[in-house]
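Every number in this text was worked out from the coordinates using simple rules, so none of it is lab data. These figures come from a predicted structure and were not determined experimentally. For neighbour counting, all protein chains shown are included, and Cβ atoms are generated from backbone atoms with ideal geometry for every residue, glycine included.
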Amino acid sequence: MTTLNETHDPALASWVESANGGASDFPIQNLPFGIFRRRGSQEAWRGGVAIGDQILDLAAAHGVGVFSADAARAAAACGEASLNTFMEMGPAAWSGMRLALSRALRRGSALADKLRGCLVPQAQAEYAVPAKIGDYTDFYTSIYHATTVGKLYRPDSPLLPNYKWVPIGYHGRGSSIGVSGQQFARPRGQIMRAGAAAPVLAPCERMDYELEVAVFIGFGNELGQPVAIDEAESRVFGLALFNDWSARDFQSWEYQPLGPFLAKNFASTVSPWIVTLEALAPYRMAWTRPAGDPQPLPYLDSGATRQSGAIDIQLEVLLQTQRMRDSGQAPTRLSLGNFSDSYWTVSQMVAHHTVNGCNLQPGDMFGSGTQSGPRPEQAGSLLELSLNGKQAFTLPNGEQRTFLQDGDAVVMRGWCSKPGAARIGFGECAGTVLPAIG
Ligand code: CA
């Protein structure tokens with residue numbers, strides 16, 4: 001879905017005035033999908049599209065009969081309590097819905113009067129995880145993250161020999177994925193302290209975040225039927241921001257030989273809006289392999305992947321401590337990186353995941369793995385920024401951190417911006433660590 005069309009025209013403006021002017025994450029060129037209701041209400045959860053500081057309620061829009069034929073069927077599906085039915089309809093339906101929404105929300109649209117009553121201010125909304133996530137797989141696609149972490153855990157062999165051949169991943173757990181605003185108690189687990197003869201059960205002492213991009217599968221594949229790389233993107237509904245909270249002390253004790261387990265499955269946070277691959281079309285970039293690195297096996301390689309497999313998404317992490325919140329200080333930036341630094345593309349993740357016949361299903365989610373850039377200040381986790389707790393950093397108010405303390409809120413933001421295209425954003429993925437229970 002890398003073709004530009006009328007929905008990407010940077011000159012388009014909306015009759016929802018807050019969408020115009022370049023300041024909003026959600027101009028008319030974006031049109032991301034989410035699940036919402038009015039905050040504190042018992043209303044049914046339903047699908048909506050972010051436009052400026054408003055949400056177009058798709059159940060209500062379907063109800064006033066503004067969409068016809070295919071778009072009406074898509075809008076009806078969007079009115080459900082998760083996006084899975086709409087996701088399963090496939091790229092022609094997603095694209096048709098986007099075009100219908102773009103035309104309906106444009107300045108001068110004859111539908112404006114009917115749709116004005118279908119807007120809900122984002123300030124009055126609460127969100128749900130946008131899809132019923134059946135299976136969640138976490139990849140490890142940043143070679144910079146893999147190398148730095150490898151050095152900390154295994155100084156003599158930081159990057160294992162399979163890394164440049166295999167898009168490494170593990171099967172995670174979907175049940176504890178929450179939406180932005182998630183709060184969770186610091187988990188308990190086994191910690192093997194340095195020099196100790198036996199582990200203890202204790203609250204995590206090395207609580208970390210991981211800056212990731214979420215990949216939502218739209219429609220899947222039959223068991224036993226791999227998805228070829230050139231078809232892979234047609235299976236992807238869109239992307240969101242993802243925080244894979246990580247208990248580093250549990251992780252370093254438990255991860256061998258089978259990989260992460262309780263270090264990861266106590267909570268993970270996803271942003272409420274899924275930005276479609278079609279919306280990201282202006283921000284595609286060539287994907288390359290550094291000279292001297294092995295070229296991917298043929299099932300992970302294609303002309304389209306080489307030409308436009310990477311996506312230019314700025315990824316920012318901010319921290320707001322309890323003390324900052326109490327004194328009204330805004331979150332402070334910890335890092336700024338870019339998804340285009342990923343070693344593996346979205347299409348390679350899908351092709352690899354299914355090459356053995358594994359079936360993906362609507363609403364399945366991939367984490368990209370922590371996105372870190374080549375420079376140390378582009379690291380997407382505290383494990384890297386603090387060198388596994390060895391090097392504290394100082395916040396603007398004088399507080400120091402190596403890992404997260406109780407009350408710390410981590411905020412992730414993502415956006416795409418370049419000359420000749422409308423700036424689009426992902427909104428926020430925020431979450432807060434609370435004290436351990438008991
Ligand atoms: Ca991860």
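If you go through the range 164-188 and keep only what is away from the ligand (no atom under 15 Å from the Cβ) and closer than 23 Å to S335 by Cβ, you end up with G178, V179, S180, G181, Q182, Q183, F184, R186. Of the helices (runs of 4 or more DSSP H) lying entirely inside the range 15-129, those carrying at least 3 residues that are crowded, with 18+ Cβ neighbours inside 10 Å, out of contact with any strand residue (DSSP E or B) (no Cβ under 6 Å at 6 or more places or on another chain) and hydrophobic (A, V, I, L, M, F, W, C) are 69-78, 91-105. Of all residue pairs spaced 6 or more apart or on separate chains, those with beta-carbon atoms under 7 Å, a first member in the range 303-320 that is closer than 13 Å to I229 by Cα and touching a residue at least 24 places away in the same chain (Cβ under 8 Å) and a second member that is crowded, with 18+ Cβ neighbours inside 10 Å and among the β-branched types (V, I, T) are T305/I229; T305/T345; G309/T345. The residues in the range 377-401 that are touching a residue at least 60 places away in the same chain (Cβ under 8 Å) and either under 25 Å from the mean Cα position of the chain (by Cα) or surrounded by 13 or more Cβ atoms within 10 Å (Cβ to Cβ) (or both) can be counted, and the count is 13.
Consider F266 carefully, then state whether it is surrounded by fewer than 24 Cβ atoms within 10 Å (Cβ to Cβ) and outside any strand (DSSP E or B). Yes; evaluated as a whole, the condition is true for this residue. Residue count for the range 395-438 satisfying the condition of being among the polar types (S, T, N, Q) and closer than 18 Å to S24 by Cβ: 1. Scanning the range 190-211 for residues that are within 17 Å of G438 (Cβ to Cβ), assigned to a loop (DSSP other than H, G, I, E, B) and more than 16 Å from the ligand (Cβ to nearest atom) turns up just one, E205. The residue that is nearest to L385 (Cα to Cα), among those in the range 140-170 that are over 22 Å from the mean Cα position of the chain (by Cα) and among the aliphatic types (A, V, I, L, M), is L152. Note on the range 325-363: residues that are outside any helix (DSSP H, G or I), more than 16 Å from the ligand (Cβ to nearest atom), under 19 Å from the mean Cα position of the chain (by Cα) and not polar (S, T, N, Q) total 6. Consider only pairs whose beta carbons are under 9 Å apart and that are at least six residues apart or on different chains; among these, list those whose first residue lies in the range 205-220 and is over 11 Å from A131 (Cβ atoms) and whose second residue is within 14 Å of the ligand (Cβ to nearest atom) and of a type in the set (D, E). Partner pairs satisfying both residue conditions: Y209/D244; E210/D138; E210/D244; L211/D244; E212/D138; E212/D244. Every condition in (1) more than 24 Å from S18 (Cβ to Cβ); (2) surrounded by fewer than 16 Cβ atoms within 10 Å (Cβ to Cβ); (3) over 23 Å from the mean Cα position of the chain (by Cα) is met by G134 except one, and the failing one is (3).
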